[in-house]
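The values are calculated or read from the model by the stated rules, or taken from the named source; none is laboratory data. Fair warning: this is a prediction, and the values are worked out from it, not measured in the lab. Cβ placement follows ideal geometry from the backbone for every residue including glycine, while neighbour counts extend to all protein chains displayed.
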């Protein structure tokens, strides 16, 4: 196997770089097909979230071709995003084989996330796997790897307290809002989007006693469904300018490729509010809120990168759990490696069986000729047994003898174990 994990995340690249390399959900299917069309790639999965973009590929060929394949993938990534003249190599990380397996297990378990132990990434990985599977870019290796990954992540959740504390990007956003507004009951929150992150934000706000929630989404029906759950009000994306002045808190997380809130729209809302401040958090990558909005007076704009300090405060209770999770992951990496080695043993067994059957057929054909020529059956049977035994043990005996002469006690010991030889009775 030659497995490769190539990507960027919140640790290696700022948001302005990550948003240039992100894949919109409706483009991933086509991107997977382009990726698998490369001679270097046999299987592929693309994971793209607000904090990371990663390619998981089973390469065509052995590790000797890995360097060339890596160069091909980096070039493909740049060309796909029209970044031919943009230096992105310094932001990328690369993992091969066993390290790639470990990286994926850590990602799925929330150990490589902006928020230690956050559970959303596992669902995003499952979605990425499902998309790849539906586009037939998953084969034996990645199928087994991702199933193993999901099982490992579940074990980490079950056997450790990694997810016990309610710490996430959504939780951090609400925590910051509570620091700015002492009593949320008197305020209105406008949430843009209706995905899992916004649902978590709405849940945290609702539990914190927010006065009113407005949910805006491109699909009004989806916004309405989510708003109903938290006693909120649903609007379409196009209605945001008419309601923005009502919002004291704006938290946005969509998959839009273009900003949803521009400087002009926000300026109008501030004027209508008579300059009462608005707290904004842009969780999306690419960003939903224009960067210039942060320059306005009475606007407090935070991106996912700005949440790090708040998030760090909630990590202490998860540190011990993370250490135990790392131990589980090390064991599971070993288990997956054992599975890979078993594939080699299966092919070896197949070769050995084929060779043995060829010897059997040769001896059997000779026996049939002897019987046809009138040789007594009992004599033919004795010849068959003797010839078959001699042919099967001839080569192993020569190799064991040579191993003894060469001092290869390891090979002799392996033969004793392999052939189940009780030498003490000899």
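Quickly run through segment 324-345 and pick out the residues that are farther than 18 Å from residue 103 by Cβ and modelled with pLDDT of 85 or more. Give the derivation first.
Filtering segment 324-345 down to residues farther than 18 Å from residue 103 by Cβ leaves 324, 338, 341-345.
Within segment 324-345, 324, 338 meet the criteria.
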- line: Checked segment 272-283 for anything over 14 Å from residue 242 (Cβ atoms) and not in a loop (DSSP other than H, G, I, E, B); matches are 278, 279, 280, 281, 282
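If you check 278, 237, 260, which single one turns out to be out of contact with any helix residue (DSSP H, G or I) (no Cβ under 6 Å at 6 or more places or on another chain), surrounded by fewer than 20 Cβ atoms within 10 Å (Cβ to Cβ) and at pLDDT 95 or above?
Values: 278 fails: surrounded by fewer than 20 Cβ atoms within 10 Å (Cβ to Cβ); 260 fails: surrounded by fewer than 20 Cβ atoms within 10 Å (Cβ to Cβ).
Testing whether each residue is out of contact with any helix residue (DSSP H, G or I) (no Cβ under 6 Å at 6 or more places or on another chain), surrounded by fewer than 20 Cβ atoms within 10 Å (Cβ to Cβ) and at pLDDT 95 or above leaves just 237.
Here is a yes/no grid of residues against (1) surrounded by fewer than 17 Cβ atoms within 10 Å (Cβ to Cβ); (2) out of contact with any helix residue (DSSP H, G or I) (no Cβ under 7 Å at 6 or more places or on another chain); (3) at pLDDT 95 or above:
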| position | (1), (2), (3) |
| --- | --- |
| 168 | no, no, no |
| 241 | yes, no, yes |
| 248 | no, yes, yes |
| 252 | no, yes, yes |
message: Criterion first (touching a strand residue (DSSP E or B) at 6+ places or on another chain (Cβ under 8 Å) and part of a helix (DSSP H, G or I)) does residue 27 satisfy it?
response: no
message: Just the residues that are within 48 Å of the chain's Cα centre (by Cα) and surrounded by 11 or more Cβ atoms within 10 Å (Cβ to Cβ), please, taken from segment 396-424.
response: 396, 399, 400, 403, 408, 411, 412, 413, 414, 415, 416, 421
message: The conditions are (1) more than 26 Å from the chain's Cα centre (by Cα); (2) under 24 Å from residue 184 (Cα atoms), and residue 262 fails exactly one of them. Which is it?
response: (2)
